[in-house]
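Undergrad: Pasting a structure here, questions to come.
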Amino acid sequence: MAPSRATRGTRARRSSPRRRSAFAALTIAVLGVLLPGTAYLVARRTKLGSTLIVLSLALYGGAAYVGLRKRDAVISWALNPSVLNWMIIGLAAIALVWIVVLVTSYKMLRPLTVGPGSRMLGALVIGVICFAMTVSTATGAQTLMAQRSLVTKVFGGEESKSQTRPTITPKKDIWQQLPRLNILLLGADDGEGRGGTRTDTVMVASIDTKTGNTSLISLTRNFMRMPFPEDSPLHKIYPTGFWDPNDPKEQPEFYLDAMYRNIPRQHPGILGPSDNEGADILKVSVGEALGLQIHYYVQINLAGFAQLVEALGGITVNINYRVPVGGNDDKKIPPSRYLEPGPNRQLNGTDALWFARGRYKVPTADLARQARQRCTIKAIVERATPQNVLTNYDAIAKAGEQLIRTDIPRNQLGAFATLGARVKTAKITNVDLDKQKNFPTGKNPNYAGMREIVAQALNPVRRTTTAPPKTTKVPPSTAAQPKTTPKTTAKPDTGDLTSACAYNPGPPS
């Protein structure tokens, strides 16, 4: 019995796509990857093709909307371990669907009779594209897993303990609650022969959260008599600051850089439960010394700092004088080499570390090192472009896991990431604490004078020609200062790091 006319017509309509060449079928299938479902329409699978196109357009439109209008939400999702898990699953599912669509599209479109050469070429092209999709998906999943690992290991969740973090109302904008954010930056060196961790770098980044403008305040490592607030249990133990009043000699074990190690050893748990008691103690003391509330800390292991710089692909700095690599003044061990002066010097991780640390026979060693550390931070901020960070993200995340500790809560990371982007394009300045007047030596720093300078730099008092200048009210010092300590007049912050870090050959002043 002959087939009906309707049956013959249906077969004719369905077989027509097969009449095109193998190359045309391959081209349509490959281009169909850009908008899944289009190749199905060409193959006259109308319902399935239309459904895939609608889903694809919805996916593209949703991604565009979220990327353009919900960037803060994207950042928050990228810093949420649970959401990252779903992102990994979703990425794998989308990639699988794309591969299936590509393979089935080509299978439906290719001619029924094709030579072995064309068949092999088509299979090879489809295989290469599927492999590229698989590799891209694996790379994306690996990046998401690295991000999840970094967030989980570095940033604390509800289980983390800190006695010095501010109380933030969850449903209110964090930056309305913290119009000025003060972060303690610690460079910890627990290298061989140190007998424990010392914080050779102690710096405060004070950020105007509205503009992103940042002021950096460096403290010298050999400060003694570091104060504590009157309501702190440490004030009862050290009412005149962290030092031994019975010993008139130099007291290295009572330096600022020894507090992180020594106080927790001598008075464990004095501030209450803490994930990092040394950092909490420094937040309290440094805040009192500068007249600031320190909200959070970020601690970087200096030995691992080189890994971060390497992950970023190095940094660029101006070197104005020879900077020693290694060396020990106390033991009279000379450096192995020097970083030579020059503009726009490209430094790898090891050299960047020594640019920030080197002090062997450098004039005004500690102050010179602080200045270079501020320039190092500026160089890292400039180097951390979105493109560079994304390109090297796996290495950056792995380095971050090893060298960063902080008490910034995980649930606030989205807000901090947004603020970080603001800081990158804002002004970074230095607050000069005036060594000549306030700490000619580290034995008896004038913390009252420093507080006055900080208050004036962060909240400058407007002066007029018709009224006498107003004085900034300084919070009372909780560490007893000798009555003979002279009062220092506050001076404004003029330390623009762009100028301070420019190429001006010559020794540090």
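Undergrad: Within segment 76-92, track down each residue that is closer than 12 Å to Arg410 by Cα, in a helix (DSSP H, G or I) and of a type outside the set (Gly, Ala, Ser).
TA: Trp77, Pro81
Yes/no per residue for (1) more than 15 Å from the chain's Cα centre (by Cα); (2) open to solvent by 30 Å² or more (accessible area, probe 1.4 Å); (3) at pLDDT below 80:
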site: Arg372; (1), (2), (3): yes, no, no
site: Tyr393; (1), (2), (3): no, yes, yes
site: Leu403; (1), (2), (3): no, no, yes
site: Asn411; (1), (2), (3): yes, yes, no
site: Thr425; (1), (2), (3): no, yes, no
site: Val431; (1), (2), (3): yes, no, no
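Undergrad: Could you check how many residues of segment 232-256 are modelled with pLDDT under 90 and open to solvent by less than 40 Å² (accessible area, probe 1.4 Å)?
TA: Of the residues in segment 232-256, 1 are modelled with pLDDT under 90 and open to solvent by less than 40 Å² (accessible area, probe 1.4 Å).
Table: residues versus (1) more than 19 Å from Val204 (Cα to Cα); (2) in a loop (DSSP other than H, G, I, E, B); (3) without any contact (Cβ under 8 Å) to a residue 12 or more places away in the chain.
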residue	(1), (2), (3)
Arg374	no, no, no
Lys398	yes, no, no
Ile408	no, yes, no
Ala417	no, no, no
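Undergrad: Moving on. So how many residues does segment 435-458 have that are open to solvent by less than 20 Å² (accessible area, probe 1.4 Å) and not in a helix (DSSP H, G or I)?
TA: Residues flagged as open to solvent by less than 20 Å² (accessible area, probe 1.4 Å) and not in a helix (DSSP H, G or I) within segment 435-458 amount to 4.
Undergrad: Here's a follow-up. Could you go through segment 325-338 and let me know if any residue there is surrounded by 20 or more Cβ atoms within 10 Å (Cβ to Cβ) and either in contact (Cβ under 8 Å) with a residue 40 or more places away in the chain or among the aromatic types (Phe, Trp, Tyr) (or both).
TA: The answer is no; no qualifying residue exists.
Undergrad: Right, another one. Confirm whether Ser105 is open to solvent by 50 Å² or more (accessible area, probe 1.4 Å), out of contact with any Leu (no Cβ under 7 Å at 6 or more places or on another chain) and either under 29 Å from Ile28 (Cβ atoms) or in contact (Cβ under 8 Å) with a residue 12 or more places away in the chain (or both).
TA: Values: open to solvent by 50 Å² or more (accessible area, probe 1.4 Å): no; out of contact with any Leu (no Cβ under 7 Å at 6 or more places or on another chain): yes; either under 29 Å from Ile28 (Cβ atoms) or in contact (Cβ under 8 Å) with a residue 12 or more places away in the chain (or both): yes.
It is false that Ser105 is open to solvent by 50 Å² or more (accessible area, probe 1.4 Å), out of contact with any Leu (no Cβ under 7 Å at 6 or more places or on another chain) and either under 29 Å from Ile28 (Cβ atoms) or in contact (Cβ under 8 Å) with a residue 12 or more places away in the chain (or both).
Undergrad: Return a yes/no flag: does segment 293-306 have any residue that is assigned to a loop (DSSP other than H, G, I, E, B), closer than 29 Å to Pro445 by Cβ and either hydroxyl-bearing (Ser, Thr, Tyr) or open to solvent by 30 Å² or more (accessible area, probe 1.4 Å) (or both).
TA: Step one: filter segment 293-306 for residues assigned to a loop (DSSP other than H, G, I, E, B), giving 293-295.
If we keep only those that are closer than 29 Å to Pro445 by Cβ as well, we get 293-295.
Remaining after also requiring either hydroxyl-bearing (Ser, Thr, Tyr) or open to solvent by 30 Å² or more (accessible area, probe 1.4 Å) (or both): 293.
For segment 293-306, residues assigned to a loop (DSSP other than H, G, I, E, B), closer than 29 Å to Pro445 by Cβ and either hydroxyl-bearing (Ser, Thr, Tyr) or open to solvent by 30 Å² or more (accessible area, probe 1.4 Å) (or both): present.
Undergrad: OK, next. Just the residues that are outside any strand (DSSP E or B) and not β-branched (Val, Ile, Thr), please, taken from segment 197-224.
TA: Quick first cut of segment 197-224, residues outside any strand (DSSP E or B) only: 197, 209-213, 220-224.
Lys210, Gly212, Asn213, Arg221, Asn222, Phe223, Met224, listed by residue number.
Undergrad: Quick check: anything in segment 210-231 surrounded by fewer than 18 Cβ atoms within 10 Å (Cβ to Cβ), under 17 Å from Asn444 (Cβ atoms) and more than 22 Å from the chain's Cα centre (by Cα)?
TA: Checked segment 210-231: no residue is surrounded by fewer than 18 Cβ atoms within 10 Å (Cβ to Cβ), under 17 Å from Asn444 (Cβ atoms) and more than 22 Å from the chain's Cα centre (by Cα).
Undergrad: Considering only residues that are free of Cβ contacts under 8 Å to residues at least 60 places away in the same chain and of a type in the set (A, V, I, L, M, F, W, C), which ones fall in segment 108-132?
TA: Met120, Ala123, Leu124, Val128, Cys130, Phe131, Ala132
Undergrad: Restricting attention to segment 333-361, which residues are more than 18 Å from Pro507 (Cα to Cα), touching a Phe, Trp or Tyr at 6+ places or on another chain (Cβ under 9 Å) and part of a strand (DSSP E or B)?
TA: In the first step, residues of segment 333-361 are kept if they are more than 18 Å from Pro507 (Cα to Cα); the result is 333-334, 336, 346-353.
From the residues that got through so far, the ones that are touching a Phe, Trp or Tyr at 6+ places or on another chain (Cβ under 9 Å) too are 333-334, 347, 349, 352-353.
Residues satisfying the conditions are Ile333, Leu347.
Undergrad: Let me ask something else about it. Can Arg44 be described as on the phi > 0 side of the Ramachandran plot and open to solvent by 30 Å² or more (accessible area, probe 1.4 Å)?
TA: Details: on the phi > 0 side of the Ramachandran plot: yes; open to solvent by 30 Å² or more (accessible area, probe 1.4 Å): yes.
Yes.
Undergrad: Which members of segment 133-174 meet the condition of being small (Gly, Ala, Ser) and in contact (Cβ under 8 Å) with a residue 24 or more places away in the chain?
TA: As a first pass, look at segment 133-174 and keep what is small (Gly, Ala, Ser): 136, 138, 140-141, 146, 149, 156-157, 160, 162.
The answer is Ser136, Gly140, Ala141, Ala146, Ser149, Gly156, Gly157, Ser160, Ser162.
The values are calculated or read from the model by the stated rules, or taken from the named source; none is laboratory data. These figures come from a predicted structure and were not determined experimentally. Quick reminder, even Gly has a Cβ in these numbers, built from the backbone with ideal geometry, and neighbours come from all protein chains shown. Accessible surface areas use protein heavy atoms only, side chains included; no ligands, DNA or RNA. Shrake-Rupley method; radii C 1.70, N 1.55, O 1.52, S 1.80 Å.
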